[in-house]
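The values are calculated or read from the model by the stated rules, or taken from the named source; none is laboratory data. Every value quoted in this text rests on a predicted model; they were computed, and no experiment measured them. Using ideal geometry, Cβ is built from the backbone for each residue, glycine included, and neighbour counts are taken over all protein chains shown. Accessible surface areas use protein heavy atoms only, side chains included; no ligands, DNA or RNA. Shrake-Rupley method; radii C 1.70, N 1.55, O 1.52, S 1.80 Å.
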Amino acid sequence: MSGKNIPVGSIVLLGAPGAGKGTQAKLIAGHYGIPHISTGDILRDNVARGTELGRKAKRVMERGDLVSDDLVNGMVADRIKQPDADRGFVLDGFPRTVAQAEWLDRELAAKAGEKKQTVVVDVDVSYNQLLQRLTGRRTCPVDGKIYNIYLQPPKNEGLCDVCGTQLFQRVDDTEEVISERLKSYERQTKPLEDFYRKHGRLRRVNGEQSVEKVMADMFRAIEGARLRQGLSD
Ligand code: AP5
Ligand code: MG
């Protein structure tokens, strides 16, 4: 199945910090040829470049709290208007509050030609596994490839398999900040499951399997939803 020319629409990946949203979003984006839009990555890029947005977000992110809805909604609005997002996009880490989800619904309804419903997939992983995934995560600064020193180590310690660059650990992947991020998730993002369930849009995938098995379940969920919307090729 080649997904590179088909209308895909918007795909939202929900899940706790460390659930594997970024890992799966890259695979989905690659398969369909659509952009992977990670609000966390965009914010970190702004922090690294010292933009006004980055200065506003830096301390909040370092504490493990959520950046304000206004800032994040504005960022997403700009990104989904880009021509490469015309056929669809994968949102990773957005929405994260009910207010963001309501905003996204309005934005997509207003988007010219947008007839499709967002496909929402929740990646489910237990607390202990999340801790191991977050403390062990390492990332390539060049191509964004994600590793895990315990679960998915690179072939050569500390170096990216693809480009050989030194991997880095995210500043918010310390135990103290991880605990705050998990609390923010429980308080502000978990209620989104009910929001989407009420609208009959929530699909769940067991994230505690190999990357390949999670990916297969993801594609089944996405294709099932596309079929129901009459979008299948
Ligand atoms: P963000 O960057 O979105 O972080 P997050 O939600 O905490 O999620 P992570 O990126 O930590 O985890 P992930 O689910 O992507 O997992 P990954 O694939 O890397 O947000 C960061 C901050 O930005 C927030 O705290 C907030 O301040 C701000 N922010 C962002 N969006 C916002 C919004 N909408 N509103 C307000 N503020 C916002 O995988 C994790 C690890 O597990 C890796 O090591 C990986 O190798 C491993 N792994 C993945 N899958 C598997 C598997 N199947 N088996 C074994 N290991 C696996
Ligand atoms: Mg991520």
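Give the residue that is farthest from L130 (Cα to Cα), with candidates limited to residues of region 17-40 that are more than 8 Å from ligand 1 (Cβ to nearest atom) and hydrophobic (A, V, I, L, M, F, W, C).
My answer is I34.
Going by the conditions given, is A57 near ligand 1 (Cβ under 10 Å from one of its atoms), in a helix (DSSP H, G or I), in contact (Cβ under 8 Å) with a residue 40 or more places away in the chain and buried (at least 18 other Cβ atoms within 10 Å of the Cβ)?
Criteria not met by A57.
Can you tell me which residue among I6, I37 is among the aliphatic types (A, V, I, L, M), at pLDDT 95 or above, open to solvent by less than 50 Å² (accessible area, probe 1.4 Å) and out of contact with any Ser or Thr (no Cβ under 8 Å at 6 or more places or on another chain)?
Only one candidate passes the filter, namely I37.
On the given criteria, is L43 assigned to a helix (DSSP H, G or I), open to solvent by less than 50 Å² (accessible area, probe 1.4 Å), in contact with a helix residue (DSSP H, G or I) (Cβ under 6 Å, 6 or more places away or on another chain) and within 7 Å of ligand 1 (Cβ to nearest atom)?
Judged against the criteria, L43 is a match.
Applying the selection to region 116-142, what residues are under 20 Å from M215 (Cα atoms), away from ligand 1 (no atom under 11 Å from the Cβ) and assigned to a loop (DSSP other than H, G, I, E, B)?
Of everything in region 116-142, those that are under 20 Å from M215 (Cα atoms), away from ligand 1 (no atom under 11 Å from the Cβ) and assigned to a loop (DSSP other than H, G, I, E, B) turn out to be T118, S126.
Considering only region 70-103, how many residues are acidic (D, E), outside any loop (DSSP other than H, G, I, E, B), away from ligand 2 (no atom under 15 Å from the Cβ) and within 25 Å of H31 (Cα to Cα)?
Residues that pass the stated criteria total 2.
Within region 71-98, take every residue that is near ligand 1 (Cβ under 10 Å from one of its atoms) and farther than 23 Å from I222 by Cβ and give me the one that is surrounded by the fewest Cβ atoms within 10 Å (Cβ to Cβ).
L71
Can you report the number of residues in region 19-40 which are touching a helix residue (DSSP H, G or I) at 6+ places or on another chain (Cβ under 8 Å) and assigned to a loop (DSSP other than H, G, I, E, B)?
Number satisfying all stated conditions: 4.
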